[in-house]
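The values are calculated or read from the model by the stated rules, or taken from the named source; none is laboratory data. The structure presented is a predicted model; accordingly, all values stated were derived computationally and were not measured. Heads up, the Cβs are rebuilt from the backbone with ideal geometry, glycines too, and the neighbour counts pull from every protein chain shown.
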Amino acid sequence: MKTSLRFRQAIVAGVLIWPLASLAGGLYLYEIGTSDLGLAGAGTAARAEDASTVYANPAGMTRLAGDQFTLGGQALYGKADYKLDGQGKLGGSDPGNVIGWLPGMSGFYSHSVDDRLKLGMAVYGNFGLALDFGDDWAGHNLMDRSALMALTLQPTVAYRLDDHWSIGGGLTANYGYLKVQRDTVIGSNSQEQHDGDWAYGARLGVMYEPSSSTRFGLVWTSKTEFDFDINASVTGLFGRTHTLPFAATVPMPQQVMGSAYQRLNDRWAIMGNIGWQEWSKFSDITVEGNNVATTNSLKLQDTWHAAFGAQYTLNAQTRLNAGVAFDTSMYKSQSQTSFAAPSGDTWRFGVGMQYVLSPKDEIGVAAEYLRMQSSSDPSALVSGSYDHPEMLFLSVNYTSRF
């Protein structure tokens, strides 16, 4: 009975907690292929310089003249080596790096009905990752490979109230797809389970412009949840068969982001963020299966975000961006985490360049380096740790105005 309970907790952690690893430290990804990447996200809710503000702050659309669209492409490379410490019951090799490369794209469109009213549409994925533990590591019966991908559609409207205040909001339709592959029977070939689900929410923003060189923005994103039906079963572990069909709830907590932008002169502008996400609400998740309810304590806490960035206008065609950001960990203790979610306090460092091709067209490139705090999992089965996981983001974006 004790072994069965431990196994159940490991499965719950592997399938419920794993998607949080896709969020770079238990957080939403700020990186979606836009020019924000070169600023480490600093000023995201106040800049409103292209159509990506449909996502960053819907109210910022009121600053855009005419119609605009922005297209972004991105590649992510993650390095997160999980090393067993020999304290778990399952013997075998380490999985090595479990992330690797992942591509991404986003698109944004802003339409001017008149000088005050704007309509927009955003298509993006700020959540998703593929993890590959391999089929030879100690925990291959818990997880070989996993993939969680989500696509968000966000129709949006914004309105300028007066010369200083604007408001905006959009509904978010999020489609999530979860795939888990592992050996459900010891000695057999890997089996794949997958499911998809729609989750709906809202993203609301306000912008205040006291002068032409100063802007403040505030954005609120509602909580959403994906419910994936996964049938988890492993036969032969410690001579027993364990079956746990359950609905895996993947929560995305509400968040608030506040930003400021200040143009100092013709050359320089500075900007910053303060943000919060309500992860503490999900410290206890109850999973029901086979008429048994199991509560898995994740020991989560609310997270905080801060960022600072600067822009330098080199000439009429070229603008240079740089920024740094810090996010706190969703875990209360880095020695009580999940092997499927390498999370911790996170630093981001970004650089980028925007180049004006013509009065209507602009292209940009950016890179960002992310370094995360080490974490360890005291799992009775696959106890081990991550030593400072890292990610590298590379992006290119294109904006057209017409």
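So if I check each of ALA340, ALA307, ALA325, ALA316, which one is surrounded by 22 or more Cβ atoms within 10 Å (Cβ to Cβ) and assigned to a loop (DSSP other than H, G, I, E, B)? Steps first, answer last, please.
Details: ALA307 fails: assigned to a loop (DSSP other than H, G, I, E, B); ALA325 fails: assigned to a loop (DSSP other than H, G, I, E, B); ALA316 fails: surrounded by 22 or more Cβ atoms within 10 Å (Cβ to Cβ).
So the residue among ALA340, ALA307, ALA325, ALA316 that is surrounded by 22 or more Cβ atoms within 10 Å (Cβ to Cβ) and assigned to a loop (DSSP other than H, G, I, E, B) is ALA340.
Of these, THR156, THR152, which one is in a strand (DSSP E or B), buried (at least 16 other Cβ atoms within 10 Å of the Cβ) and touching a Gly at 6+ places or on another chain (Cβ under 6 Å)?
Of the residues listed, the single one that is in a strand (DSSP E or B), buried (at least 16 other Cβ atoms within 10 Å of the Cβ) and touching a Gly at 6+ places or on another chain (Cβ under 6 Å) is THR156.
Where residues in the range 80-114 are aromatic (Phe, Trp, Tyr) and at pLDDT 95 or above, which of them is farthest from ASP377 (Cα to Cα)?
Restricting to residues being aromatic (Phe, Trp, Tyr) and at pLDDT 95 or above, the top hit is TYR109.
So which strands (runs of 3 or more DSSP E) stay within the range 236-296 end to end and still have 2 or more residues that are at pLDDT below 75?
240-252, 284-289
Go through the range 100-117 and report how many residues are assigned to a loop (DSSP other than H, G, I, E, B) and of a type in the set (A, V, I, L, M).
Selection size over the range 100-117: 1.
For the list (1) farther than 18 Å from ALA367 by Cα; (2) not in a strand (DSSP E or B), I need the number of the one condition that ASN126 fails.
(1)
Go through GLY73, GLY120, GLY60 for me and flag whichever is crowded, with 19+ Cβ neighbours inside 10 Å and either among the polar types (S, T, N, Q) or part of a strand (DSSP E or B) (or both).
Residue meeting the stated conditions: GLY120.
Restricting attention to the range 135-146, does a residue exist that is within 25 Å of the chain's Cα centre (by Cα), in a strand (DSSP E or B) and at pLDDT below 95?
Yes, there is a match, as at least one residue in the range 135-146 is within 25 Å of the chain's Cα centre (by Cα), in a strand (DSSP E or B) and at pLDDT below 95.
Do the conditions hold for LYS83, that is, is it basic (Lys, Arg), buried (at least 16 other Cβ atoms within 10 Å of the Cβ) and outside any loop (DSSP other than H, G, I, E, B)?
no
Taking the range 150-164, which residues are among the hydrophobic types (A, V, I, L, M, F, W, C) and under 10 Å from LEU119 (Cβ atoms)? Talk me through it step by step, then tell me what you get.
Of all residues in the range 150-164, those among the hydrophobic types (A, V, I, L, M, F, W, C) come to 150-151, 153, 157-158, 161.
Hits for the range 150-164 are VAL157, ALA158.
Condition test on ALA380, is it of a type in the set (A, V, I, L, M) and out of contact with any strand residue (DSSP E or B) (no Cβ under 9 Å at 6 or more places or on another chain)?
Taking the combined requirement at face value, the residue satisfies it.
Are any residues in the range 134-157 more than 17 Å from MET252 (Cβ to Cβ) and of a type in the set (S, T, N, Q), and if so, which ones?
Correct list: ASN141, SER146, THR156.
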